[in-house]
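Quick notes on the structure that follows.
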Amino acid sequence: MSRDISALILVLGMLTVAAGAKDVALISSKNATVPTMALVDLVKICKGQTPRWPDGKPVTIIMRQPGSAELKVVEEKIYGLTSDEVRALVASANHTRSDRPAVILGSSDEEIIHRVESMPGAVGLVDVYSITGAVQVIKIGGKLPLESGYPLHGN
């Protein structure tokens, strides 16, 4: 009986780890004209190094709070920094902008989707399973979430 309980605990633990491994999608408003983006360009946007799109609209990335489980993949694969270092980078990037922040931190995927939908030039990072018809998914390096080789695939 104790073996059955141990096996059950092991299986539940593995499911918890698998549930934490999520693909993060890059989204934009439905009427944006950004069908695909190179990973290097996404890194520049996340670090506040791209102030404007080619059409002149200001660039803002909207994502979850550094240190949150939802942002872990982004911290590792985009920033390569600790949560505290990402917070400092966001503060620095926002300090250099006068028109609007380079990075906005949201508390939920729903909030991020709503802000992206209503803010021209904004893109967002959300869990792939939170996407609604209000936004479009941007390919990163020619790949969509859940495709093999997608760069923001959770481990």
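The values are calculated or read from the model by the stated rules, or taken from the named source; none is laboratory data. For clarity, every value in this text was computed on a predicted model and none was experimentally measured. Every residue, glycine as well, gets a Cβ built from its backbone with ideal geometry; the counts of neighbours run over all protein chains shown. Each accessible area value is taken on the protein alone, full model and side chains, heavy atoms only, with ligands, DNA and RNA left out. Shrake-Rupley method; radii C 1.70, N 1.55, O 1.52, S 1.80 Å.
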Quiz item: Hey, among the residues in segment 113-155 that are part of a helix (DSSP H, G or I) and open to solvent by 20 Å² or more (accessible area, probe 1.4 Å), which one's farthest from N31 (Cα to Cα)?
Solution: Y129
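Conditions tested, residue by residue: (1) of a type outside the set (K, R); (2) modelled with pLDDT under 95.
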{"position": "I9", "(1), (2)": "yes, yes"}
{"position": "G13", "(1), (2)": "yes, yes"}
{"position": "D23", "(1), (2)": "yes, yes"}
{"position": "P51", "(1), (2)": "yes, yes"}
{"position": "P58", "(1), (2)": "yes, yes"}
{"position": "K77", "(1), (2)": "no, yes"}
{"position": "A88", "(1), (2)": "yes, no"}
{"position": "H95", "(1), (2)": "yes, yes"}
Practice problem: Please specify each residue of segment 96-155 satisfying the condition of being over 16 Å from the mean Cα position of the chain (by Cα) and of a type in the set (S, T, N, Q). | Solution: T96, S98, S118, S148
Practice problem: Please give the number of the condition V40 fails out of (1) farther than 25 Å from S148 by Cα; (2) open to solvent by 70 Å² or more (accessible area, probe 1.4 Å); (3) at pLDDT 95 or above. | Solution: (1)
Quiz item: Which members of segment 80-89 meet the condition of being within 16 Å of the chain's Cα centre (by Cα) and open to solvent by 10 Å² or more (accessible area, probe 1.4 Å)?
Solution: G80, L81, T82, S83, R87, L89
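For G106, state whether it is in contact with a helix residue (DSSP H, G or I) (Cβ under 8 Å, 6 or more places away or on another chain), surrounded by 12 or more Cβ atoms within 10 Å (Cβ to Cβ) and at pLDDT below 95. Write out each step before concluding.
On the way: in contact with a helix residue (DSSP H, G or I) (Cβ under 8 Å, 6 or more places away or on another chain): yes; surrounded by 12 or more Cβ atoms within 10 Å (Cβ to Cβ): yes; at pLDDT below 95: no.
It is false that G106 is in contact with a helix residue (DSSP H, G or I) (Cβ under 8 Å, 6 or more places away or on another chain), surrounded by 12 or more Cβ atoms within 10 Å (Cβ to Cβ) and at pLDDT below 95.
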Quiz item: Across segment 53-65, what is the total count of residues that are open to solvent by 10 Å² or more (accessible area, probe 1.4 Å) and touching a residue at least 12 places away in the same chain (Cβ under 8 Å)?
Solution: 6
Practice problem: Would you check if T96 is in contact (Cβ under 8 Å) with a residue 24 or more places away in the chain and open to solvent by 40 Å² or more (accessible area, probe 1.4 Å)? | Solution: yes
Quiz prompt | Unmet requirement for V73, which otherwise passes all of (1) within 25 Å of L144 (Cα to Cα); (2) open to solvent by 50 Å² or more (accessible area, probe 1.4 Å); (3) assigned to a helix (DSSP H, G or I) | solution = (2)
